[in-house]
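Accompanying notes for the structure given below.
The values are calculated or read from the model by the stated rules, or taken from the named source; none is laboratory data. All values reported here derive from a predicted model rather than from experimental measurement. Cβ sites come from the backbone with ideal geometry, for glycine too, and all protein chains shown count toward neighbours. These accessible areas exclude ligands, DNA and RNA; they are computed on the full protein's heavy atoms, side chains included. Shrake-Rupley method; radii C 1.70, N 1.55, O 1.52, S 1.80 Å.
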Amino acid sequence: SVLSRYENQITILSDYLEEFPETDEPVWILGRQHHLNTDKSKLLLDISARLWFTYRRKFSPIGGTGPSSDAGWGCMLRCGQMMLAQALICRHLGRDWQWEKHKKQPEEYHRILRCFLDRKDCCYSIHQMAQMGVGEGKSIGEWFGPNTVAQVLKKLALFDEWNSLAVYVSMDNTVVIEDIKKMCWSPPQSSGAAHGSTHLHRSALSRNKNAAGFCTGWKPLLLIIPLRLGINHINPVYIDAFKECFKMPQSLGALGGKPNNAYYFIGFLGNELIYLDPHTTQSFVDLEENGTVDDESFHCQQAPHRMKIMNLDPSVALGFFCKEECDFDNWCSLVQKEILKQQSLRMFELVQKHPPHWPPFIPPTKPEVTTTGAELIESTDKLFELEEEFEILSV
């Protein structure tokens, strides 16, 4: 039966490759160029390596009494998960990392995947995202837009000490270099700054602690730029600049789609966008006993979807990842060269200094919460630690 499934998969992949038209035009996937006439197999591997998050069913009810499936409402949340997962893969495994079915993967890969499982104690689960969205004015089960998902990811990242990301969401179509550098170079928080969150369980936090403690130096940057590229339809003047973003080595693609129908865009061919579609409902997958995850359903091994750029809803969010400061400096140079200087009507602005008419920029910090019972858990953990130390001393 395993061999049969493997042969069927080969057939699916073969069909998938044939769906691309015969063309000399390059295909761009998240900053990597592929040529259909010479390296279709590499293109296939590159697409299937992306973590693919879809609707799931039969997970524990959100909030204890809420929905146990996100089918019909969670597509933009899943797209946000995919963009963030790509950032974490670049952070820990590198952009050139590839996934192969049944091949042993490094522990970092499984740890990344565990961040997104549909459990209330996982850092970026559908549970955490839906509940954090309440603070953004979205009821659990309500559809999110690109900007709302970006704001939710920014808040959840404050509790994720293992990945230690600085998440910057631009305001008013403006990216401020000074603010980003201030945030990425901000000193680490003290360990006593906060013990928990109204929506984030402490067990989720403890699993994401950096073994070396709190990070120092430049914090890897997840840059999200929510945009409105037209009124009812995308303005054609933005198309070339939008496509240029997928060519940048820092590219994490884009969140968007059609009204109430979200997709994760990872590249383009000509005037068609290539995207991963979250609108497939799969069963909840939990941790194995050894701490790994049966990951086959988290990688799309079917034909990638394509849509004409002009059919895109004008509300989108671009994503970029800069692991080091030099990556960010390089991104700024590319934006100046490929986007800002080439456009009469700019897709977004990149400025050096914080606009004086804006409120002062304060790097976000983890809020102190005193109403979750986390303090009791913290004190209990310390009690156990003291007991263990006492036993060691006694011996």
Given charges at Cβ of Lys, Arg, Asp, Glu: the range 288-359 dipole, positive-most of 326, 348, 292: 348
Listed residues 354, 102 arranged by accessible area, highest first, probe 1.4 Å: 102, 354
Nearest-10 value in Å² for the accessible area of residue 365, using the 1.4 Å probe: 90
Ranked by how many other beta carbons lie within 10 Å on average, peptides 319-325, 147-153 from highest: 147-153, 319-325
Estimated vicinal HN-Hα couplings, Hz - the range 151-161 in sequence order (Karplus 6.51, -1.76, 1.60; Gly, Pro = x): 5, 5, 4, 4, 6, 5, 5, 5, 9, 9, 7
Radius of gyration and Dmax over the Cα atoms of the range 211-294, both given in Å: 18.0, 53
For residue 264, residues with placed amide H under 5 Å, excluding near neighbours: 276
Cβ-Cβ FRET estimate between residue 330 and residue 174, R0 fixed at 25 Å, reported to 0.05: 0.80
Compactness index (Cα Rg / 2.2 N^0.38 Å), the range 75-160: 1.14
Interchain or long-range residues, amide H under 5 Å from residue 71's placed H: 56
Anchor residue 247: lysines whose Cα lies under 16 Å away (excluding residues fewer than 8 positions away in-chain): 337
Unsatisfied cross-links (Cα-Cα over 29 Å) in the set 40/219; 219/243; 181/341; 42/155; 58/138; 154/243: 40/219; 42/155
Per residue, in Å², the accessible surface of the range 42-121 once ligands and nucleic acids are set aside, probe 1.4 Å: 35
Solvent exposure, largest accessible area first (probe 1.4 Å, DNA, RNA and ligands not counted), of 237, 27: 237, 27
Accessible-area value, residue 178, 1.4 Å probe, nucleic acids and ligands omitted, Å²: 70
